[in-house]
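> Quick one: structure below, then a few questions.
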Amino acid sequence: MLNRRLLRIKVLQVLYGYYSGNGDDLARAEADLSRIVELYYRLVFDMARLPWLLTREMERRLAYGMQKIRPTEEELHPNRRFVENQVIAALAENPALKPKDGTVSDDWCNREELLAPLLTLLGGADFYKQYMRTPAGDWANDRAFVAQLYDWLDDQDELHEAAAEESGYWVTDLDTALELLYEVVERLSPERAQSPRILPPRMEEEFSGFACSLLRSTILQHSEHGVYIQGFLHNWDTERIAAMDMLILHMGLTEMLNFSEIPWRVSMNEYIELARLFSTPQSPSFVNGVLNGMVQRLIEEGKLVKTGRGLLGGKQKVE
């Protein structure tokens, strides 16, 4: 469920809050990291239920149509393909797609002011119209539709705005959560739909351990690394360097020195991407230049020892 890119984002968010405050409570920073990672899991659970919530809204509309004084033939005998989608029902019922304590806290997305406009927009989508003409009871058709639905939801401003209002952290999380569920649904079988292993493993020990270690090391080595970084800023106006860029440089240097299994080219590319996502238009170029200078110096000093695969260049996957 997690990849290192998402965890780097989480660590950066915590560090920004840490240094914007007093910057003296490491235990609280670690607790904040755990909290916002759990917030991401909650978003995944909420998005797993969202298609089911949309079917409940559709059920309400269908019931209203049938209760009219003079319902049309279509209202009396509505097309129930969407509300009876097997994959949507399976996602809503699987216990692995609910919080550990069994509670559901999806009030933010279980509101008519969100569901109604989403459902109206969905009704006009070509993939929805095509699905409603397919035979009922076909798992493959149901699965393909739900995968398309998650892809479609990622383009809906209404959903992004509602998620951002619920949690500022979800501004960067929603795309990742929807992409995860798209991938889960694409390969979903009836048997796997009932499995407690419906989601990829959380990999808490490896990935969450990476995040905690990166956060702790960046804070504990901040003064030492700050001196090292300053040696590469002589060509830059230090008063105009964004605080976010300095945090990104600290994280990048910490990762390259403390995580020998991650190729330094991967680390560089990831922190340049963080600068693109969270800082100024000039930041990627700045971060690239400074990190590149530090890498060359670290190699010369024999301090950059890497043990992982992919050290000889070439295209790198997201870490």
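> Can you tell me which of ASP107, ASP101 is within 25 Å of GLU158 (Cβ to Cβ), modelled with pLDDT under 90 and assigned to a loop (DSSP other than H, G, I, E, B)?
ASP107
> Now, a different point. Please work out if PRO71 is farther than 20 Å from LEU174 by Cβ, assigned to a loop (DSSP other than H, G, I, E, B), free of Cβ contacts under 8 Å to residues at least 60 places away in the same chain and touching a Leu at 6+ places or on another chain (Cβ under 9 Å).
Judged against the criteria, PRO71 is not a match.
> Between ASP24, ASP46, which is more than 22 Å from PHE278 (Cβ to Cβ), assigned by TED's automatic domain parsing to the domain that holds ALA177 and at pLDDT below 90?
Selected residue: ASP24, the only one of ASP24, ASP46 that is more than 22 Å from PHE278 (Cβ to Cβ), assigned by TED's automatic domain parsing to the domain that holds ALA177 and at pLDDT below 90.
> How many of the residues making up the stretch 252-266 are among the hydroxyl-bearing types (Ser, Thr, Tyr) and either without any contact (Cβ under 8 Å) to a residue 24 or more places away in the chain or surrounded by fewer than 22 Cβ atoms within 10 Å (Cβ to Cβ) (or both)?
Here the count works out to 1.
> Say whether the condition of being among the basic types (Lys, Arg), part of a loop (DSSP other than H, G, I, E, B) and over 16 Å from VAL83 (Cα atoms) is met by at least one residue in the stretch 175-196.
So far as the stretch 175-196 goes, yes, one or more of its residues are among the basic types (Lys, Arg), part of a loop (DSSP other than H, G, I, E, B) and over 16 Å from VAL83 (Cα atoms).
> Follow-up. From the list GLY168, GLY252, which one is within 30 Å of ALA96 (Cβ to Cβ), of a type in the set (Gly, Ala, Ser) and within 21 Å of the chain's Cα centre (by Cα)?
When all the criteria are applied, what remains is GLY168.
> Condition check: in contact with a helix residue (DSSP H, G or I) (Cβ under 8 Å, 6 or more places away or on another chain) and more than 23 Å from ALA163 (Cβ to Cβ). Does ARG5 satisfy that?
When the stated conditions are applied, ARG5 does not pass them.
> Checking the condition part of a helix (DSSP H, G or I) and farther than 25 Å from LEU220 by Cβ, which residue from SER285, SER267 passes?
Just a single option satisfies the conditions, and that option is SER285.
The values are calculated or read from the model by the stated rules, or taken from the named source; none is laboratory data. Remember, predicted model here, so these are calculated numbers, not experimental data. Cβ coordinates were reconstructed from backbone atoms using ideal geometry, including for glycine residues, and neighbour counts include every protein chain displayed.
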